[in-house]
Amino acid sequence: MTRALSLRDNATAPAPAEAAPRSSFVPPLVAGLLVAGVLVYIQVADLDAIEARSLAFGELLVRLGEHVRLVIVSTLVVVALGVPLGILLSRPAAGPLQPPVLAVANAGQAIPSIGILVLLALLYDVGFAMAVISLVVYALLPVLRNTMVGLRHVDRSIIDAARGMGMGSRRILFTVELPLAVPVMLAGIRVALILNVGVATLATYTDAGGLGDLIERGIVFYRMPILLSGCLLTIALALLVDWLAGVAETRLRPRGL
Amino acid sequence: MSFVDYVAGNFEIISFLLLQHLQVVLLAVGLATAISVGVAIGTERSPRARSALLAVSGTILTIPSFALFGLLIPVFGLGVAPTILALTVYAIFPILRNTVTGLEHVDSAVIDAARGMGMSSGRLLRIVRLPLAWPVILNGIRVATIMTVAIAAIGAAVRGPGLGELIFRGLARMGGANALNETLSGVVAIVAVALLLDVLFVLIGKITTPRGLHA
Amino acid sequence: MPEQFHPGTGAQSDVEISLREVSKRYPASDADAVRPLSIDIARGEFLVLVGPSGCGKTTTLRMINRLVEPSGGEIWVDGKNTAHVDPDELRRHIGYVIQQVGLLPHLSIGENVGLVPKMLDWSKERIRQRVDELLDLVGLDPDTYRSRYPKQLSGGQQQRVGVARALAADPPVMLMDEPFGAIDPITRGHLQDEFLKLQARIRKTIVFVTHDIDEALRLGDRIAIFDEDARLAQLDTPLAILTSPADEFVRSFIGDGAAIRRLSLLRVGDLPAVPETSTGTGIEVDPGETVSAVLEKILAAGLDSAVVRGRGSLTVQDMLLATAARDESAVAS
């Protein structure tokens, strides 16, 4: 999956957002149609033994479960690590650390996700835990960066005003800075979530399962039904997760911003 | 065998794959640039079509690349074609978005003055709007390129060309003597390609940005 | 002068621009942005459109070069109905100057000035000569400024370039939309003076938009005053507007001090002087100087009269009385 998503938040203009409200029902609709199409196809199509085994309903649920578990666990860890770390790094005392951390965060975009996954597997181990670590390493950067950038871009005069009315720095952080930085932070978390959905498709290569398993098996056995089902279900999941994240983003944003 | 020894010993294959990687990326980004700039200009009179296309290309970015590569196999088979096509599709959004933004944000006074002196809309686009939007467009191309370099690694999963092959070879030989070196050389080379292109874009930007915009 | 497209005063009576019942209404609005308006603008005339924001003055201006298409009526420029002329072709023969100048930031000053001639397929050599000539004309040394970029110039210098650019293809007509509006007051005063001198040489037909009544009074041969509802309140010479405002709106728009302002519009050469009997009774002044400037000089020198070259002498009292008398005659006519 792509680092690309993190590029969305340096958008110079929120261009796609204009179209979002109108078309917001489209992604879940498409996702639903894809899932329904795949399920119908599996029922109807004349599948050989390998295909039938890979595409059994129970098997699909297991793969989906693995995928979702990878995404949820790694995203939770990313938020739990990235947000506090970002806050710490944005405190004045950590000032000198900021530029190098941001530089690494930006340069990290050049590392391919499959590279991290395979390297960690070769160095340590395969399996679920290692896959989660890979996903976390990969998705931490956008959350960290957006937390720092969001806090840094809070209007100085508002902080000044808060200080002027006698707020301490801790109170300013929780009542002024963090709420105002929430939209940017949420955007970073959404990016991390989408990245995780994508990178988790590659976890099959390190024995951590997921929907990528179907795609890989489809390629290895050159079985188009398995390949296509895997791809379409993955795409459906990605569309749905992005849509849910978008809805959550709008809901969680403090009113008035 | 140390990593340095490995790289020295396999320099030929690594540099061959690196060149392949570069070619695939540049071809895809070139195609995406032509498509994006064309679409941005072609949809100037139809903002609805434009924002719909932006939304679609933005949504495509959320699709896991492994799934998109896989989806193209039944149509294009394994190898170069699905890799280039998928990379092109991914590269469109950053370029399209920046082209649209760049064209829309040209100072309206400059456009008013240019129209007032009798420039046709074609000439206005050619000698005013595109040159002034160029730094923003170029930045979109840069972002798309860096992103594509990383995604191209996954192309190896569908037998595509490029440095991803080293990563997957290492994986296939897990436990073998040079597995780690193989994968590591692929990752390092990919990062090197990305950083190299990044520097190149800074240079291109310096050279091609009209002088009056620096002053 | 190559600028003198229509030389001589004989052409003054010709109509260069004719607005005939021109109106503009925007689709989303239920009121006219410009109410049906008819004005004939003579060749070489300097007409100022003035009024508060929203009075339709800029829209009127932009309808002349068809940057805005009229909803009704016709506009004739140089004997042609503009509706039947290709808009780009039309604009290439009408100079256009706007408040934000709008120089192309990626082109040098020389290239900016040479844009329209280039579009008109002039030869490189002819463009080069023309650019230098124009930079000279607007008071910028060609060798210093030709290869600079807009960002390297001050606001006042940029607007000089804007004027030079508008004059490039020697258009008979210039449209100017608050050209000095964004410039600091002192520079603005200089630019207005210089522009008046320039206009005296090149005699373009100018339509000039401003919200500043002082600028209008200073520059215009005639002034059209509009109110907030886009109604043409008065169309007349500056002196006549100061002397006899058409209604309460015009009176309040002019503000206080109309009598004093008249002194800066009248020239001493226009006043009846007493033929000189003895020399050396006062300072010598040109007939072209304004009454206010001459009064200033006399008072500063501690005298009470001046000698108008070739006319005779004028006392302070003469000047004030004559000004008042002229007002009455202006009212009578």
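Can you run down the residue pairs with Cβ atoms below 9 Å, 6 or more apart or on separate chains, where the first is in the stretch C:190-205 and free of Cβ contacts under 8 Å to residues at least 40 places away in the same chain and the partner is open to solvent by 60 Å² or more (accessible area, probe 1.4 Å)?
As it stands, the answer is C:Gln192/C:Arg218; C:Asp193/C:Arg218; C:Leu196/C:Arg218, since those pairs meet every condition given.
Identify, by number, the condition in (1) under 23 Å from C:Glu178 (Cα atoms); (2) within 14 Å of chain B (Cβ to nearest Cβ) that C:Ser108 doesn't meet.
Among (1) under 23 Å from C:Glu178 (Cα atoms); (2) within 14 Å of chain B (Cβ to nearest Cβ), the lone unmet condition for C:Ser108 is (1).
Identify, from the list B:Val24, B:Val37, B:Val75, the residue that is within 30 Å of B:Glu182 (Cβ to Cβ) and in a helix (DSSP H, G or I).
Values: B:Val37 fails: within 30 Å of B:Glu182 (Cβ to Cβ); B:Val75 fails: within 30 Å of B:Glu182 (Cβ to Cβ).
Result: B:Val24 is the single residue among B:Val24, B:Val37, B:Val75 that is within 30 Å of B:Glu182 (Cβ to Cβ) and in a helix (DSSP H, G or I).
Give C:Val131, C:Val101, C:Val97 a once-over and let me know the one that is part of a strand (DSSP E or B) and either within 11 Å of another protein chain (Cβ to nearest Cβ) or touching an Asp or Glu at 6+ places or on another chain (Cβ under 9 Å) (or both).
Result: C:Val97 is the single residue among C:Val131, C:Val101, C:Val97 that is part of a strand (DSSP E or B) and either within 11 Å of another protein chain (Cβ to nearest Cβ) or touching an Asp or Glu at 6+ places or on another chain (Cβ under 9 Å) (or both).
Which members of the stretch B:160-172 meet the condition of being more than 8 Å from chain A (Cβ to nearest Cβ) and open to solvent by 10 Å² or more (accessible area, probe 1.4 Å)?
B:Pro161, B:Glu165, B:Arg169, B:Ala172
Could you please tell me which pairs satisfy a Cβ distance under 9 Å, a separation of 6+ or placement on different chains, a first residue in the stretch B:55-81 that is in contact (Cβ under 8 Å) with a residue 40 or more places away in the chain, and a second residue that is open to solvent by 20 Å² or more (accessible area, probe 1.4 Å) and of a type in the set (Ser, Thr, Tyr)?
B:Ile73/A:Tyr222; B:Leu78/A:Tyr222
Select from the stretch B:61-115 the residues that are of a type in the set (Gly, Ala, Ser) and over 21 Å from the mean Cα position of the chain (by Cα) and list them in ascending order. So that I can check it myself, show each step before the final result.
Of the stretch B:61-115, the ones of a type in the set (Gly, Ala, Ser) are B:65, B:67, B:70, B:77, B:79, B:81, B:86, B:91, B:102, B:108-109, B:113-114.
Correct list: B:Gly77, B:Ser108, B:Ala109, B:Ala113, B:Ala114.
Mind checking whether some residue in the stretch B:80-94 is open to solvent by less than 10 Å² (accessible area, probe 1.4 Å) and out of contact with any Leu (no Cβ under 9 Å at 6 or more places or on another chain)?
No, the conditions are met nowhere in the stretch B:80-94.
Please pick out the residue among B:Leu68, B:Leu124, B:Leu78, B:Leu96 that is more than 7 Å from every other protein chain (Cβ to nearest Cβ), among the hydrophobic types (A, V, I, L, M, F, W, C) and under 30 Å from C:Leu175 (Cα atoms). Give the derivation first.
Working: B:Leu68 fails: under 30 Å from C:Leu175 (Cα atoms); B:Leu78 fails: under 30 Å from C:Leu175 (Cα atoms); B:Leu96 fails: under 30 Å from C:Leu175 (Cα atoms).
Sole residue among the options that is more than 7 Å from every other protein chain (Cβ to nearest Cβ), among the hydrophobic types (A, V, I, L, M, F, W, C) and under 30 Å from C:Leu175 (Cα atoms): B:Leu124.
Is there a residue in the stretch B:102-114 that is of a type in the set (Val, Ile, Thr), within 14 Å of chain C (Cβ to nearest Cβ) and in a helix (DSSP H, G or I)?
Of the stretch B:102-114, the ones of a type in the set (Val, Ile, Thr) are B:106, B:110-111.
Remaining after also requiring within 14 Å of chain C (Cβ to nearest Cβ): B:106, B:110-111.
From what's left, in a helix (DSSP H, G or I): B:110-111.
So far as the stretch B:102-114 goes, yes, one or more of its residues are of a type in the set (Val, Ile, Thr), within 14 Å of chain C (Cβ to nearest Cβ) and in a helix (DSSP H, G or I).
Would you be able to tell me the number of residues in the stretch A:225-238 that are under 15 Å from A:Leu193 (Cβ atoms) and either more than 7 Å from chain B (Cβ to nearest Cβ) or in contact with a strand residue (DSSP E or B) (Cβ under 7 Å, 6 or more places away or on another chain) (or both)? Reasoning before the result, please.
Taking the stretch A:225-238 first, the residues under 15 Å from A:Leu193 (Cβ atoms) are A:234, A:237-238.
Subsequent filtering for residues that are either more than 7 Å from chain B (Cβ to nearest Cβ) or in contact with a strand residue (DSSP E or B) (Cβ under 7 Å, 6 or more places away or on another chain) (or both) retains A:237.
Selection size over the stretch A:225-238: 1.
If you go through the stretch C:227-240 one residue at a time, do you hit one that is in contact with a Ser or Thr (Cβ under 6 Å, 6 or more places away or on another chain) and assigned to a loop (DSSP other than H, G, I, E, B)?
First, pick out the residues of the stretch C:227-240 that are in contact with a Ser or Thr (Cβ under 6 Å, 6 or more places away or on another chain): none.
No, there is no match, as no residue in the stretch C:227-240 is in contact with a Ser or Thr (Cβ under 6 Å, 6 or more places away or on another chain) and assigned to a loop (DSSP other than H, G, I, E, B).
Could you tell me which numbered condition B:Leu180 fails, if it satisfies all but one of (1) touching a helix residue (DSSP H, G or I) at 6+ places or on another chain (Cβ under 6 Å); (2) within 14 Å of chain C (Cβ to nearest Cβ)?
Among (1) touching a helix residue (DSSP H, G or I) at 6+ places or on another chain (Cβ under 6 Å); (2) within 14 Å of chain C (Cβ to nearest Cβ), the lone unmet condition for B:Leu180 is (2).
Taking only the stretch A:69-104 into account, find how many residues are open to solvent by less than 40 Å² (accessible area, probe 1.4 Å), over 18 Å from A:Gly188 (Cβ atoms) and within 17 Å of the chain's Cα centre (by Cα).
Residues flagged as open to solvent by less than 40 Å² (accessible area, probe 1.4 Å), over 18 Å from A:Gly188 (Cβ atoms) and within 17 Å of the chain's Cα centre (by Cα) within the stretch A:69-104 amount to 1.
Can you find, within the stretch C:63-94, the residue that is nearest to the chain's Cα centre (by Cα) among those that are assigned to a helix (DSSP H, G or I) and under 23 Å from C:Pro117 (Cβ atoms)?
Here is the first cut: in the stretch C:63-94, the residues assigned to a helix (DSSP H, G or I) are C:63-64, C:82-84, C:87-92.
Filter again for under 23 Å from C:Pro117 (Cβ atoms), leaving C:64, C:82, C:87-92.
Numbers: C:Ile64: 16, C:Thr82: 23, C:Pro87: 24, C:Asp88: 24, C:Glu89: 24, C:Leu90: 21, C:Arg91: 19, C:Arg92: 20 Å.
The residue in question is C:Ile64.
Scan the stretch A:193-214 for residues that are of a type in the set (Val, Ile, Thr), within 23 Å of A:Met224 (Cα to Cα) and in a helix (DSSP H, G or I) and jot them down. Let's see the steps before the verdict.
Step one: filter the stretch A:193-214 for residues of a type in the set (Val, Ile, Thr), giving A:194, A:197, A:199, A:201, A:204, A:206.
Filter once more, keeping what is within 23 Å of A:Met224 (Cα to Cα): A:197, A:199, A:201, A:204, A:206.
Hits for the stretch A:193-214 are A:Val197, A:Val199, A:Thr204, A:Thr206.
Return the residue satisfying two criteria in turn: it lies in the stretch A:195-224 and is more than 7 Å from every other protein chain (Cβ to nearest Cβ) and aliphatic (A, V, I, L, M), and of such residues it is nearest to the chain's Cα centre (by Cα).
A:Leu195
Taking the residues in the stretch C:196-255 that are touching a Phe, Trp or Tyr at 6+ places or on another chain (Cβ under 7 Å) and open to solvent by 30 Å² or more (accessible area, probe 1.4 Å) as candidates, determine which candidate is farthest from C:Asp78 (Cα to Cα).
Filtering first and then ranking leaves C:Leu232.
Could you list all residues from the stretch B:115-159 that are open to solvent by 10 Å² or more (accessible area, probe 1.4 Å), of a type in the set (Gly, Ala, Ser) and in a helix (DSSP H, G or I)?
Hits for the stretch B:115-159 are B:Ser121, B:Gly122, B:Ala156.
Being open to solvent by 10 Å² or more (accessible area, probe 1.4 Å) and within 16 Å of the chain's Cα centre (by Cα) is the requirement here; does B:Ala34 meet it?
On the way: open to solvent by 10 Å² or more (accessible area, probe 1.4 Å): yes; within 16 Å of the chain's Cα centre (by Cα): yes.
Yes; evaluated as a whole, the condition is true for this residue.
The values are calculated or read from the model by the stated rules, or taken from the named source; none is laboratory data. Everything numeric here is computed off the predicted structure, so don't read it as measured data. Positions of Cβ are generated from backbone atoms using ideal geometry, with glycine treated the same way; all protein chains shown enter the neighbour counts. For the accessible areas, the whole protein counts, side chains as well, though only heavy atoms, and no ligand, DNA or RNA atoms are used. Shrake-Rupley method; radii C 1.70, N 1.55, O 1.52, S 1.80 Å.
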